[in-house]
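Asker: Dropping a structure here in structure tokens format, bear with me for questions.
The values are calculated or read from the model by the stated rules, or taken from the named source; none is laboratory data. Bear in mind the structure is a predicted one, so any value in this text is a computation, not a measurement. Please note: Cβ atoms are built from the backbone with ideal geometry, for glycine as well, and neighbour counts cover all protein chains shown. When the accessible area is computed, the model is the full protein with side chains, heavy atoms only, and any ligands, DNA or RNA have been set aside. Shrake-Rupley method; radii C 1.70, N 1.55, O 1.52, S 1.80 Å.
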Amino acid sequence: MSTVILTTVGTSLLSNAKREGLVSDQEILAYIDREPKAASAETNSLLRVLQPGDEIVLLHSATEEGRKAAQLLQQYWQQKGVPCGLVEIAGLAYEAQGFVDFGLKNFVRTLAGEIRKAARRQREVIINATGGFKAEISYATVLGLVFKVPVCYIHEQFKEIAILPPTPIGWDSSLFVWYADFFEWLSAGEGGLRPKAEAEPRAALLPEEAQVLLEEFELDGQVYQGLSPLGEAYLEAFKNELEQAQSVPVYLSSKARRALEGLEPATQERYRKLLQRLRLPNRAATSELKSGGGDALGYPKGKVDERLFYAEKDGKLYVFALTRHGPEYEKFCQEGFYWRDYPPQDFTLWEG
């Protein structure tokens, strides 16, 4: 399987060319061709990981130097017959406040989007985080960890390629399940921001581990609250999990289907999202079995109104009932649900 190498771009090419007294594009392209490892950090690292059939995507800053360096690198690789695309990161510039507030968040969103795009094309992914701002390299590494893709860079001291394997870290996406309403509300604000006066009372209801994903931003003299770049990284990883999980089949009992179809549209939409999130791989950690026992688990545990009872068999999810937090939910927990009471033909595939 061919690999998409997502490469952050800095300005080492232009700095090295200037030191060599090279000015024109043709002179710089000839320099890359003559000394590719010495010409730039990007070609130095790419030459060590690029394999036949691979393609490159260059992610560059919204600066004149970043664009020029990326364009020259693209020309070089295209002349070598390697597919090479360019992606500019809006807001990733030298202006400090814009860089922190918007540039890094846009970088995280864009890099995550490129990872998902490659996955949909059934391509392997490597993040080449050698070039660019130091903060870019840090967040590229974080994304590699949470998306479970390898990250490579050139070690400054040994001048050798270092590859961080796709370590399966145990990050917990349940925060985005339990507090989905808040995160969706926050993301729906302009630029993913809400005025601090509006967001702070809502954020105060979140647990500490969710609050650390938030950050204050100043814009035109006003203070806003939104996800930090790290929060964006985890949110993008959650979106990726949710997207990949849509292939898990969900079956509804006739009772659950009637209940869903009888709801008013807004409530029906909340249950639809709940059914989608049920497919996430962490469902067992966010489910509970109360004293009544039975074959079904209650989902999700936590402070949410919409609940359901489900069981998993042969890689398929079977939903026995939809309910709400409160007396009915507690009653179902006490009584339990059993396969013996539900013949296989009672369940039909949910097309959600």
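Asker: Relative to the longest principal axis of the chain, what angle (0 to 90°, nearest 10) does the C-alpha long axis of helix 64-79 take?
Answerer: So the inclination is approximately 90 degrees.
Asker: Pop a pseudo-label 7 angstrom from the Cα along the beta-carbon direction at both residue 181 and residue 218 and give the gap in nm to one decimal.
Answerer: For residue 181 paired with residue 218, the spin-label model returns 3.4 nm.
Asker: Can you pull the Rg over Rh of the chain, Cα-only, Kirkwood? Each step should come with its number before you reach the end.
Answerer: Details: Rg = 24.6 Å, Rh = 22.9 Å.
Radius of gyration over Kirkwood radius for the chain works out to 1.07.
Asker: Note down the relative contact order for the stretch 187-307 as a percent, whole number, built from C-alpha pairs under 8 angstrom at least six residues apart. Walk me through the numbers before you get to the answer.
Answerer: Details: 91 pairs, mean separation 20.1, N = 121.
Across the stretch 187-307, relative contact order equals 17 percent.
Asker: Also, quick follow-up: Distance cut-off 32 Å, Cα to Cα: go down the list 134/239; 18/117; 80/239 and report the pairs above it.
Answerer: Details: 134/239 26 Å; 18/117 36 Å; 80/239 36 Å.
Those over the limit are 18/117; 80/239.
Asker: Also, I was wondering about something else. Taking square-rooted eigenvalues a ≥ b ≥ c of the alpha carbon gyration tensor, is the stretch 34-153 rounded, prolate or oblate, where a/c under 1.5 means rounded and, failing that, a/b exceeding b/c means prolate?
Answerer: On the way: a/c = 1.70, a/b = 1.18, b/c = 1.44.
It comes out oblate by the Cα gyration axes.
Asker: Post the alpha-carbon centroid distance, the stretch 297-322 to the stretch 1-48, in whole angstrom.
Answerer: About 53 Å separates the Cα centre of the stretch 297-322 from the one of the stretch 1-48.
Asker: Could you name the lysines whose alpha carbon sits less than 20 Å from that of residue 196, not counting residues in the same chain fewer than 8 places away?
Answerer: Those lysines meeting the cut-off are 105.
Asker: Which residue, 127, 24, 7, has the largest displacement toward the positive end of the dipole of the stretch 1-147 when charges sit on each Cβ (Lys, Arg +1; Asp, Glu -1)?
Answerer: Of the listed residues, the answer is 127.
Asker: Determine, from the Cβ-Cβ distance of residue 2 and residue 316 and an R0 of 25 Å, the FRET efficiency 1/(1 + (r/R0)^6), rounded to the nearest 0.05. Please list the in-between numbers first.
Answerer: Details: r = 32 Å, r/R0 = 1.29.
Once the sixth-power term is evaluated, E becomes 0.20.
Asker: Additional query: If the chain between residue 330 and residue 270 were fully stretched, how many nm would it gain, using 0.36 nm times the residue separation less the Cα-Cα distance? Could you put the intermediate results ahead of the total?
Answerer: Values: separation 60, 0.36 × 60 = 21.60 nm, distance 2.04 nm.
Value of the extension gain: 19.6 nm.
Asker: Over all distinct Cα pairs, what is the inverse of the mean 1/r for the stretch 168-241, reported as the Kirkwood hydrodynamic radius in Å?
Answerer: Working: mean 1/r = 0.0793 Å⁻¹.
Across the stretch 168-241, the inverse of the average 1/r is 12.6 Å.
Asker: Still on this structure, please answer the following. Let me cross-check residue 328: its accessible surface, 1.4 Å probe, with only protein heavy atoms counted, in Å² to the nearest 10?
Answerer: Surface accessible to solvent at residue 328 totals approximately 100 Å².
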